[in-house]
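Step one of this worksheet: look at the structure below.
Nothing in this text is a laboratory measurement; each read-out follows from the coordinates by a stated rule. Worth saying up front: this structure is predicted, and the values here are computed from it rather than measured. Glycine also receives a Cβ, built like all others from the backbone with ideal geometry; neighbour counts cover every protein chain displayed.
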Ligand code: SF4
C-alpha cells in the first residue's frame, strides 16, 4: 500500500517541482533536497524523512509542463515517489522514463491526501474509499526503455551491440 | 499518403522513405545543443560508458553546440565550477560550436543558433532546453529533450525511440493591426489550444501573415509553441529563411527547404485572420491564461522586463526604444532590458536604441537569460507584479513564488512602462 502524500491540480510546472534557482544543482544525489522547494511544508517533510519511499503524488492534467530540466524527474525519483496524473507533458514524461521514475496514467482517480492506494498492473485501488480505477498505458515509444530499466542501460546495450557489428 | 514537414524531416533522418504520425523512429541528429546543463549531460554521458571498456567520446564534435546563457556571468561558485568543468570537456572533446561568456560570441542559445547559421532547413536539432522548439522557425525539426536523452545523442548520434508527432496546421492570413504582432498571435493561439493542446504534436505555420513575417517574428511563434505543449513549431523555409541565413548568418552551404506534400495529413487545421487579433496578455500563473490587454488594463506593474529568447531581438529593442525615446519609465516602476545576444546588443548600441532606453530610466543587463527564469538577476519582491516579454509566467518563475508575472509583447511592455500600469499599446505613449 502507498499513501497519497500530496494532492495537486492541473498544469504542475517543472518550476513548481524544481524551481529554476536550484538549477546549478545537477547531481541526482543532490537534487532531491530541492524537490517541491516552494511547497515549503511538503519539502520539509521530505527532507526530514517523514515521507515513506513509494508514497504517491496525485495530480491532474499536464503534469510536468514547462522546462526540460531533468532535475524535476530526478528529485522525485530520489525520494522514490510515484506520480499519478491524468497525463504528462512530453519532455517530463521522457525524462521520467529515462531515469526510471514511476509514472502512472490514470485520468479517473479520485483520491485525497492520506488515502492509501494499491497498484495492480492495470488498476489503482483506493483502499480508503474502496474504489478501483483503470490505468492507461504510457505512450508506446518509450516502452523499450522502461523495460531496459532506464535510458542509460539501454544506450549502453546499444553501444555494445554496435561494437559487435 | 503525403507527409508534413516534420514527417519528411524525420523520415530522411531515419533513412526511411515514408513515416507517419505514431511511427517509432530513430532519427540521426544534425545539431545537438546544450547550455550550462551540459554539466548534467556530461555526468549521464560518463555513466553510459561505464563498464563498456570504451572511452567516453562524443559521436561528432562538430555537431555539438554549447552556449553559456542561463547564469552569466556565474552568480555562484557552484555555477562557476560547472562552467569550468564544461570548458574542460569542450576542450577535451574538441567541440567547436562553443560560446563562452564573451561579448564577441555570447548570447542566449536560441539566438546564437540562428545567428551563427548553425540551423538549416531540414535539420534535426535537439537541445536540452524546452524552447529548442524555436529553431523550427528556420524550417528545421527542433526537439527539446532532457539531459539523459542528450547524453544518448552524444553517444549514438541519434535520438532513440521517438514517436513521430502528429501535426496541427495553423494558417494565419490577413495583416496585423498597428501595435499587434507575432507575440500577440502566439499568445492568442496558446489561449485557444491550452497549455497541453499541442502536447506530443508539431505546429506547422502557414498563411500570408507568416510569409510576411521576419525570422525574429517566426522565432517568437516557434519559441512559444512549446507553451501549448508542442514538440516543435515549424515555419516551412522560404526566401526569407534563405536570405536570413545567407545575409545575416553568413551561411554559404546549399540550403534546401523542406515543404509539406499537398496531401499531407494534419490532425487539425486552425485558421486565424490576424487582423482580428488584439494585443494579448497572459495572466498569472499559466501561459494559457490569456486575455486581450483591455481586460487587464490598469494593473500596477513593479517591474517591466524586455528581453529573453522570445523577445530580446533587435526589432523588439527597436520597438521598446521607439516608445520610450525622449520619455520616462513611470516612477515606482523599474524596467530591465536584456538583449538576446551580444551581437544584438552591439547593433542596438550602434543604432542608439540602448541610449534611448537608458535615458528613459531602463537598466540594460548583459545578454543571457537574465531574470527570465529567476536564478540570477531581477528577482521580484513579495507581492510584486512584473510584465515581461518572456515566455513563462509560472508561479515562482521570476525567482519568487509570492509574486506575479504577466506576459506581453515588447510594445505593450514599453507603453505600460510609461504609465506604470498595464496599458493598451494602441493608445501609444500619449
Ligand atoms: S531566456 Fe528564458 S526561456 Fe529563453 S532559454 Fe533563457 S531561461 Fe529559457
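Among DSSP beta bridges whose residues both lie in segment B:5-272, state the antiparallel percentage, nearest 5.
Roughly 10 percent of the DSSP beta bridges within segment B:5-272 come out antiparallel.
Compute the angle between helix B:5-14 and the longest alpha-carbon principal axis of chain B, please, reported from 0 to 90 degrees and rounded to the nearest 10.
Tilt relative to chain B: about 30 degrees.
Give the shape of segment B:112-196 as rounded, prolate or oblate, defined through the alpha-carbon gyration tensor: a ≥ b ≥ c are the square roots of its eigenvalues, a/c under 1.5 means rounded, and otherwise the shape is prolate if a/b is larger than b/c and oblate if not.
Prolate shape, in that a/c is at least 1.5 and a/b is the bigger ratio.
Expressed as a fraction of 2.2 N^0.38 Å, the rule-of-thumb size for a compact globular protein of N residues, what is the C-alpha radius of gyration of segment B:55-127?
Cα Rg divided by the expected 2.2 N^0.38 Å: 1.15.
Using Cβ contacts closer than 10 Å as the measure, can you line up B:1, B:224, B:33 from fewest to most?
So the residues, fewest neighbours to most, are B:1, B:33, B:224.
Please figure out what share of the DSSP beta bridges in chain A is antiparallel and state it in percent, rounded to the nearest 5.
45
How much of the DSSP beta bridge set in segment B:280-427 is antiparallel, as a percent to the nearest 5?
Restricted to segment B:280-427, the bridges split so that about 25 percent are antiparallel.
When chain A is modelled as a GNM with alpha-carbon springs shorter than 10 Å, which of A:134, A:28, A:153 fluctuates the most?
Of the options given, A:153 has the highest mean-square fluctuation.
Considering only C-alpha atoms, what is the centroid distance from segment B:116-156 to segment A:38-70, in Å?
Distance between centres, Cα-based: 29 Å.
Could you tell me the calculated FRET efficiency between residue A:47 and residue B:263, based on Cβ-Cβ distance and R0 = 51 angstrom, to the nearest 0.05?
For residue A:47 and residue B:263, the calculated efficiency is 0.35.
Taking beta carbons within 10 Å but only from partner chains, what does the mean come to for residues B:152-158?
3
Starting from the Kirkwood radius over alpha-carbon pairs of segment B:280-427, derive D by Stokes-Einstein at 10 °C in a medium of 1.306 mPa s and give it in µm² s⁻¹.
In µm²/s, the coefficient is 109.
When N counts the residues of segment B:286-335, how does its alpha-carbon radius of gyration compare numerically with 2.2 N^0.38 Å, as a ratio?
1.32
Based on other C-beta atoms within 10 Å, arrange B:405, B:180 from fewest to most.
If I rank by nearby Cβ atoms, fewest first, I get B:180, B:405.
For helix B:314-324, report the angle its Cα long axis makes with the longest principal axis of the Cα atoms of chain B; keep it between 0 and 90° and round to the nearest 10°.
On a 0 to 90 degree scale, this one is about 10.
How much length, in nm to one decimal, is gained on full extension between residue B:61 and residue B:87, taken as 0.36 nm per residue of separation minus their Cα-Cα distance?
8.0 nm
For helix B:215-225, report the angle its Cα long axis makes with the longest principal axis of the Cα atoms of chain B; keep it between 0 and 90° and round to the nearest 10°.
80
Could you tell me which of rounded, prolate or oblate describes the protein assembly as shown, using a ≥ b ≥ c as the square roots of the eigenvalues of the alpha-carbon gyration tensor, with rounded for a/c under 1.5 and, failing that, prolate when a/b is larger than b/c and oblate otherwise?
rounded
Which of rounded, prolate, oblate describes chain B, given a ≥ b ≥ c as roots of the alpha-carbon gyration tensor eigenvalues and a/c under 1.5 marking rounded, otherwise prolate only if a/b is larger than b/c?
Oblate, since a/c reaches 1.5 and b/c is not below a/b.
Could you check the simple spin-label distance between residue B:16 and residue B:78, using points 7 Å along Cα→Cβ, in nm with one decimal?
Here the modelled spin labels are 4.2 nm apart.
At a 10 Å Cβ-Cβ cut-off, how would you order A:10, A:112, B:69, fewest neighbours first?
If I rank by nearby Cβ atoms, fewest first, I get A:112, A:10, B:69.
Distance between Cα centroids, segment B:327-352 to segment A:103-138: provide it in whole Å.
52
To the nearest 500 deg cm²/dmol, what mean residue ellipticity at 222 nm is calculated for chain B from DSSP H runs of n ≥ 4 alone, each contributing -39,500 (n - 2.57), summed and divided by the residues?
-8500 deg cm²/dmol
Distance from the Cα centre of segment B:237-297 to that of segment B:1-36, in angstrom?
20
With the calculation restricted to Cα positions, what are the radius of gyration and Dmax of segment A:1-115 in angstrom?
Cα only, segment A:1-115: 12.6, 37 Å (Rg, Dmax).
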